[in-house]
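Down below is the structure, laid out as C-alpha cells.
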Amino acid sequence: GQQLNQSPQSMFIQEGEDVSMNCTSSSIFNTWLWYKQDPGEGPVLLIALYKAGELTSNGRLTAQFGITRKDSFLNISASIPSDVGIYFCAGQANTNAGKSTFGDGTTLTVKP
Amino acid sequence: NAGVTQTPKFRILKIGQSMTLQCTQDMNHNYMYWYRQDPGMGLKLIYYSVGAGITDKGEVPNGYNVSRSTTEDFPLRLELAAPSQTSVYFCASSYSQGGGDTGELFFGEGSRLTVL
C-alpha cells in the first residue's frame, strides 16, 4: 500500500525557534493534511491542502502542497510551549475512496 | 456540539473475549473510519464506511468487523481478542464536498484497549 515518510521523527527546540517538518511519498496524492495530537487525545486537523503548489497558513503554521504532489511540509514559526505534541501528515489519493494514509508522526518538544 | 464520541475510553480484555467499541457522530457526516494507533506509530486504517449500509476494509481489517446501520453510528467489533490487538483505537468522520470526500477527519478521543 501507499506509505508516507515523515521526518524528523522527533525535535527538541527552544521556545521562540521556528520548526520545519516534511512528508514524502512514492505515489501521488490529491490532498495533503496536517494534524496535531495532544497526549491522550485524538488528532486535530491543522491545515488541509488541495492543489499542487498551494501554500496555506493557519496562524503561526504554514503548510505547502509540493509541486510533484508527492510531498508536503509544515512550518511553525516562533514556537511556544503549547506547540508540544505529535504532528502527523496524511495524504489522500482519491477523493472518492474516503481514506487517508498517515505518516508516523513528528514529536515536538519545546523547552521554555 | 459533541462531534465524534467513542466508548469505552479504556478496556482490558482477556485473550479470546469479544467486545464492541462504540462510535457515534452528530455532524451528519457521510464518511466514518476506524483507525488503530500503536506506540510511536501513525494511524492504520481498519475499516471505513462511505454511508449507511456500506462498509469496506482498510489496511489492517483482520480480527475486526464493522456495521453501519445509521449515518450516526459505526461500531467496531473484536470477536476473539488477541494481544496483537492491544492498541489505541480512534473513530473518525469526514464530510463530502463537491461529490467527494474532503479527507478532513474529525477524531474521537480514542479507546485504549489492552488484551492480556
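Bear in mind these aren't lab numbers, they're just calculated from the coordinates by the rules spelled out. Computed from a predicted model, the values in this text were never measured in an experiment. Ideal geometry is used to build each Cβ from the backbone, glycine not excepted, and the neighbour counts take in all protein chains shown.
What you get for chain B, charging only the Cβ of Lys and Arg (+1) and of Asp and Glu (-1), is a dipole of about 460 debye around the Cα centre.
Given their separation in residues at 0.36 nm each and the Cα-Cα distance between them, A:Glu54 and A:Ala78 gain 6.4 nm when the chain is fully extended.
Relative contact order, whole percent, for region A:6-63 stands at 22, derived from Cα pairs under 8 Å and 6 or more residues apart. Between B:Leu113, B:Met41, B:Phe74, the Cα set farthest toward the positive side of the dipole of chain B (charges on each charged residue's Cβ, about the Cα centre) is that of B:Leu113.
Counted over region A:1-84 with a bin width of 5 Å, the fraction of Cα pairs per bin, in whole percents, is 3, 14, 24, 25, 20, 10, 4, 0. Spin-label model, B:Gln17/A:Ser27: points 7 Å from Cα along the beta carbon direction are separated by 3.8 nm. Per-residue mean of foreign Cβ neighbours for A:16-27 is 0 (Cβ atoms of other chains, 10 Å radius).
Taking the inverse of the average 1/r across all pairs of different Cα atoms in the protein assembly as shown, what Kirkwood radius in Å do you get? The Cα-based Kirkwood calculation yields 18.0 Å.
Note on chain B: Cα convex hull, mean projected area over all directions, 6.8 nm². Mean projected area of the convex hull spanned by the Cα atoms of region B:1-58, taken over all viewing directions: 5.4 nm².
Multiplying the residue separation of B:Thr114 and B:Ser69 by 0.36 nm and removing their Cα-Cα distance gives an extension gain of 13.5 nm. The packing ranking, built from the mean of other Cβ atoms within 10 Å per residue, places the peptides A:105-111, A:6-12, B:46-52 in the order B:46-52, A:105-111, A:6-12, highest first.
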